1. So how strong a dipole does the range B:56-200 carry about its Cα centre when Lys and Arg Cβ are +1 and Asp and Glu Cβ are -1, to the nearest 20 debye?
2. With +1 on the Cβ of every Lys and Arg and -1 on the Cβ of every Asp and Glu, and nothing else charged, how large is the dipole of the range A:78-121 about its Cα centre, in debye rounded to the nearest 20?
3. Near residue B:143, within a Cβ-to-Cβ distance under 10 Å, what is the net charge of the other residues, with Lys and Arg +1 and Asp and Glu -1?
4. List the residues whose amide H sits under 5 Å from the amide H of residue A:212, counting only those 5 or more places along or on another chain, with H placed 1.01 Å from N in the peptide plane.
5. Under a point spin-label approximation (7 Å from Cα along Cα-to-Cβ), what is the residue B:158-residue B:63 distance to one decimal in nm?
6. Report, as an integer, the average count of C-beta atoms from other chains found within 10 Å of each Cβ along A:89-95.
7. Other chains near A:101-109: what is the mean number of their Cβ atoms within 10 Å of each residue's Cβ?
8. Quote to one decimal, in nm, the extra length available between residue A:114 and residue A:140 on full extension: 0.36 nm per residue of separation minus the C-alpha distance between them.
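A short reminder: the numbers here are calculations on the coordinates, not readings from a lab. Small disclaimer: the values here were computed from a predicted structure and weren't measured. No Cβ is skipped: glycine too gets one built from the backbone with ideal geometry, and neighbour counts run over all protein chains shown.
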Amino acid sequence: MSLPGWLAPYDRDGAIAEAFGVFTRRHALHAAAAGVSAAAGVHGLAADAQAASSSDRGDVAVLNYALTLEYIQAAFYSEAERAGALRGPLAEQARVVGAHERAHVAAFRRVLGTQAVAAPRFDFRGTTEDADAFRKTAVAFEDLAVAAYKDQIPLLQQPAFLAAAVAIHSVEARHAAWIRRLAGVLPAAHAFDDPLPRAEVARLVASTRFVVSRPRTTGAGAPRLTG
Amino acid sequence: MHVLDRFDCSTPASAGALTRASFLRRVALGAGATSAVMVAVLGLPPRPAASTPSTQADEAILNFLLLLERVQAAFYAQARQAGALDGELRQFVDVVAEHERAHVEQLVEALGDAADPPPRVQLESATADAARVGATAVALEDLALASYNDQVPHLTPAGMRPALRVSSVEARHAAWARDLAGKVPAPLAADEPLSEDAVRAGLRAAGISVQEPP
């Protein structure tokens, strides 16, 4: 599932890299040159440094990563619902699953408080306005979310976070099976689901070009879609 | 109402149903589908504090999960033999039967000498016709997933990774079975865990008798 390096240019302003905590030299230089230390304040990893212990710090990073994935999904389904191009069972799937993803965002934001990473701005490039494109994108997002959670869950230290992440992980798998059936592919294609490392997830998300700006905290750059 | 509906959180539970079912119903009916995850995320333990993860504790957990996989494997094997299935339900049973068999194999291999001997599973009329097969599949898959979600957080990281590779597949089975049965595939924003006792009660309620060798 790895993607070629030529996809990296699509990560405008390093938004994906920032949202996923993948620090690049370019990003570090850019941030330093622009003097935007404020940007670090909305970045999950920056908040980590203020956390009390190393295990808390690790958990905050994992939860912010999960929050970022939930932001993308919530915004995607919310926009699809608003666009109104879906009918019948597909519209029902978008309505129910969208509500779940928004609930996941709310839960993570609530528990992270001031340490929560802000929502990026999205451009779903027409995939929310066409049933076929919506189906394919939703299948990719849900399968990706399952694989991402599976990779991160064993890293969590606090039992309550572990239980919450496990409970969300299986809901993402239900979503995946649901949309796969609507897309005409096997809901459960394999006996075992594999995890996907964070860098791979970031590369795949970057390849979509859906994330068009890093999170901002002020005025004009406020998220257009927050789910 | 069929007893299996007690474990379907999208269906109102009958009076006297399990406390857990009542709780799920309350959540489903609008007490807030997110409350469960909120509770967990906000730091309240999902159940009384369990013992520290250890290899020994992993063996007990994995043996219970093995029991559930064996029950599922037995159910789907019998459903295939009984015939009388067609269309997508038949495809579902064929695909899922192979998955459960693979899960049993993996757990037996992982546990080695520590693996419990197979139980005697009596399915009564669970595979009598397509409707019963569909309803039993929904109950079994939701129960198996709820058990994985309950047990997985108590495993050591070494035990957790392989268990997570299976639990999401059980979730996919559950969603598929529910969709085929005309139920919402993902009824809640966060799946509720179920204790071992509640899962055993659920199996009995589904008409499945499990006798373990002494």
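1. Charge dipole, the range B:56-200, about its Cα centre: 260 debye, nearest 20.
2. 120
3. Neighbour charge sum, excluding residue B:143 itself: -2.
4. A:121, A:122, A:123
5. So the two model labels end up 1.8 nm from each other.
6. Whole-number average of other-chain Cβ neighbours for A:89-95 is 1.
7. Average per residue, whole number: 4.
8. Here the segment from residue A:114 to residue A:140 would lengthen by 6.3 nm.
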